[in-house]
Every structure is written in structure tokens, then in C-alpha cells.
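Read through the structure below, which is laid out as C-alpha cells, and then see the notes.
What follows is calculated from the coordinates using simple rules that are stated; it is not laboratory data. Here the structure is a predicted model, which means the values were calculated and not measured. Reconstructed Cβ throughout: ideal geometry from the backbone, glycine too, with neighbour counts over all protein chains shown.
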Amino acid sequence: MYEGAIQDLIDELGRLPGIGPKSAQRLAFHVLSADPTDIKRLAASLTRVKELVRFCTTCFNVAEADLCRICRDPRRVDDLLCVVEEPKDVVAIERTNEFRGRYHILGGAINPLEGIGPDNLRIRELMIRLGAGTVKELIIATDPNTEGEATATYLALLVKPMGITVSRLASGLPVGGDLEYADEITLGRAFEGRRTV
């Protein structure tokens, strides 16, 4: 549609996840009209993130050193390990201020349709960590969708023979939600996870 540098920018922005052609065009024209200092700061941030950020050698969270801040924190308990799909899931759990254990990031979920099997995830590394004998409970906090459920089931079957307690995050009705709008699966999970009051 456009030519030269502006079309190249639109094309590159359009390759980002969640950015469609219209959003890419809007972002490109924002960049074009933005202050040059702001654009230099953005370019420097993009360059720095690629140069400095890597994955933690223990849990595979994002870090700027060999270990992430959570793995370096001596106040964390070592016998509780929470398995998540992506680093963004760690941020969501940390916002609750409820979890004081350690994490393990798989790097995705089992998805045969996309060609992602157990060997494509960091399950081998998880089993090595669990084999050390420190972890007493494994909390599986994968997404409550088909892929997350398949991953949770696979992990539970793999870990249970090790004598480690395996738990799954509860799922069900959101606070402020209406029963009439809940799908059958969500409502069913809410019944399964009910507790006495």
C-alpha cells in the first residue's frame, strides 16, 4: 500500500503478536509523528532488551543475570513449586502476594495441533528439579483451556509416582460474574471446587 521505509515499518509491526494490519499502520504513523527523542528511547529499549535479557538458568523466568530475582530471593520457600506456561503468568501470580514458593516456566503448553509436544517444553528440566527431593508440593497453574488442561494432566501423571503432592489452581466463577452467563465447563468447575463456609 505504502512504499519504502513506512511500509517496511508497517510490515515489521504487523509481525508482532496481537497487531493486525490496521494497528500496525496506526503505530507506524504514530512513530512517524512522534518526537525523535521518544523514538530513539524506544529503539534503545528494544536494543537493550535483546542484549541484556535472558532466561533464568533455574526457573526460565526473564532475567538480566543467571538467576531471576525470585530465584535469588532467600525468603522464598523451596518445597513449594508453581508451574506456569509463560513468564507473564509469574507476574500475574506475584500480584496476588499469596505465593511464597518458587516457579518453573514451561515455555508454553502441549498443543498437538500446533506441533507442540512435551519434548518442546521445559518438562525435562522440571523433572530434574523435582528429582532433587526438595519440592514437597507441585502447583500446576497452566491456563484453564484445552492445552493447559492437557499439560496439567500430563504433568500430574508424570509427577504423582514421585510421591510429591500435585495440586491444580481452582477455577470457576469470577467475582462479580452472573451464573446465567457462565458456560457449562466453568460452572461445572465451580461446583467441583466448592468449599464449605
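Apply 1/(1 + (r/R0)^6) to the Cβ-Cβ distance of V31 and D73, taking R0 = 45 Å, and write down the FRET efficiency to the nearest 0.05. It comes out at approximately 0.75. The GluC sites (Glu not before Pro) of the range 89-173 that meet both conditions, a loop assignment by DSSP and at most 14 other Cβ atoms within 10 Å of the site Cβ, are E98.
Angle between the Cα long axis of helix 36-52 and the longest principal axis of the chain, 0 to 90 degrees, nearest 10? Result, in degrees: 40. Taking the Cα centre of the range 4-52 as origin and assigning +1 to Lys and Arg Cβ atoms and -1 to Asp and Glu Cβ atoms, the resulting dipole is close to 140 debye.
Modelled spin-label separation between E3 and V175, with each label point placed 7 Å from Cα along the Cα-to-Cβ direction: 5.8 nm. Of the residues D89, D79, the one with the fewest other Cβ atoms within 10 Å heads the list, and the complete ranking is D79, D89. Placing unit charges on the Cβ atoms only, positive for Lys and Arg and negative for Asp and Glu, gives the chain a dipole magnitude near 800 debye about its Cα centre. Ranking V77, G107, G117 by Cα position along the charge dipole of the range 69-122, where only Lys, Arg, Asp and Glu carry charges on their C-beta atoms, puts V77 farthest toward the positive end. Qualifying trypsin sites (Lys or Arg not before Pro) in the range 114-197, where qualification requires a DSSP coil assignment and no more than 12 other C-beta atoms within 10 Å, comprise R194, R195. Taking a straight Cα-Cα cut-off under 21 Å and skipping sequence neighbours fewer than 8 places away in the same chain, the lysines within cross-link reach of K160 are K136. Scan the range 43-110 for chymotrypsin sites (Phe, Trp or Tyr not before Pro) in coil per DSSP, keeping those whose Cβ has at most 14 other Cβ atoms within 10 Å, and list them by number. Passing both the DSSP loop test and the Cβ count: no residue.
With the convex hull of its Cα atoms as the shape, the chain has an orientation-averaged projected area of 16.5 nm².
Note on the chain: dipole from Cβ charges, positive end direction compared against A5, V31, V49; the farthest Cα belongs to V49. Pull out a ≥ b ≥ c, the square roots of the eigenvalues of the alpha-carbon gyration tensor of the range 74-168, then state rounded if a/c is under 1.5, prolate if not and a/b is larger than b/c, and oblate in the remaining case. Cα axes put the range 74-168 in the oblate bin.
Largest GNM mean-square fluctuation across P174, P74, P17, computed for the chain with C-alpha springs under 10 Å, falls on P17.
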